[in-house]
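Notes follow the structure.
The values are calculated or read from the model by the stated rules, or taken from the named source; none is laboratory data. Remember, predicted model here, so these are calculated numbers, not experimental data. Here Cβ is always computed from backbone atoms with ideal geometry, including for glycine, and neighbour counts include all displayed protein chains. Accessible surface areas use protein heavy atoms only, side chains included; no ligands, DNA or RNA. Shrake-Rupley method; radii C 1.70, N 1.55, O 1.52, S 1.80 Å.
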Amino acid sequence: QELARGGRAVEEYVARATAHVAHDPARPPRPDVAATLALHRYLWPACLLFTVPWFLRNRVPRLPVGDVSFHRAGGRMTVRAHAFSCLPDDPAARLPGARIVSCAAELRNELRAAIAEHTGPVLEGFRPLLRRGPRALWGMVTDEITEGLWYVGQLLGRHEEERAVRELAALLPGGTAPYAGAAGFQPPGDGDNTSVDTPSGDASDSPAGDVPSASATRSRLTCCLFYTVSPSATCATCPRTCGPERNRRRAAVA
């Protein structure tokens, strides 16, 4: 909740993130880069609070910012859940706080609304430190939703990764305001404008933790700007990654 208010809480969090990602203390990242990477470090796990229970249990919690505590030093989150949406055949439908929706499409609507309810105030808290407009910020949320759950799917195995790709394509087909763009998965090798194989980094912003996969590709809607800190560590799904480099990475994964 403090991050959503902006001001000193955001500035202190960004300063901590800057110390974490700065490879050369004499050349700290630009203020807007530090703020972007700090926001990424928050959005990645925050979006998983919603997408993982939806993906694994068909349940969507409602977690406004006041019900989530982010322990900035360790990157941990704790939540206080009062309400959730689920399908009629879910055993949890009888529990207090359950809101029953009729079908999978309505549950996707609930998921988009719940994530927007939580992330919208956080984006406003970070906005003064960022050199990005509303469309770019919501494009960033779209990327974090997509690549976070895609990463989890890869950890769970090939079948679950493929299911995650299908579910995300249905969740974010494009034209679902306030989110900008679509999940945008494509088959490997389908054109030069797709990147290869992996989500763009783990919860600590570096792409070093990526899990290879050759079942789908995508190009991020936004750039996390990590390349300005470490030019040799461009994310595999970065929109800046050129065709020859994507092909090289595809060959390595194959």
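What number of residues in region 37-76 are open to solvent by 40 Å² or more (accessible area, probe 1.4 Å), under 16 Å from ALA116 (Cβ atoms) and touching a helix residue (DSSP H, G or I) at 6+ places or on another chain (Cβ under 7 Å)?
2
Filter region 56-77 for residues that are assigned to a helix (DSSP H, G or I) and either within 24 Å of ARG127 (Cβ to Cβ) or touching a Leu at 6+ places or on another chain (Cβ under 6 Å) (or both) and give the result.
VAL65, GLY66, ASP67
Within region 30-50, does at least one residue satisfy the condition of being in contact with a strand residue (DSSP E or B) (Cβ under 8 Å, 6 or more places away or on another chain), on the phi > 0 side of the Ramachandran plot and either at pLDDT 95 or above or among the hydroxyl-bearing types (Ser, Thr, Tyr) (or both)?
Among the residues of region 30-50, not one is in contact with a strand residue (DSSP E or B) (Cβ under 8 Å, 6 or more places away or on another chain), on the phi > 0 side of the Ramachandran plot and either at pLDDT 95 or above or among the hydroxyl-bearing types (Ser, Thr, Tyr) (or both), which makes the answer no.
Please indicate, with yes or no, whether at least one residue in region 117-136 is closer than 20 Å to ARG59 by Cα and not polar (S, T, N, Q).
yes
Please enumerate the residues belonging to region 77-123 that are in contact with a Phe, Trp or Tyr (Cβ under 9 Å, 6 or more places away or on another chain), open to solvent by 40 Å² or more (accessible area, probe 1.4 Å) and among the β-branched types (Val, Ile, Thr).
THR78
Output the residue which, of all residues in region 1-27 that are at pLDDT below 85 and not in a helix (DSSP H, G or I), is farthest from the chain's Cα centre (by Cα).
Selected residue: ALA26.
For CYS242, state whether it is closer than 25 Å to THR36 by Cβ and modelled with pLDDT under 75.
It is true that CYS242 is closer than 25 Å to THR36 by Cβ and modelled with pLDDT under 75.
Taking the condition of being open to solvent by 10 Å² or more (accessible area, probe 1.4 Å) and acidic (Asp, Glu), how many residues in region 130-145 meet it?
0
What pairs come up if the first residue lies in region 1-15 and is over 11 Å from LEU129 (Cβ atoms), the second is surrounded by fewer than 13 Cβ atoms within 10 Å (Cβ to Cβ) and not basic (Lys, Arg), and their beta carbons are under 8 Å apart, counting only those six or more places apart or on different chains?
GLN1/GLY66
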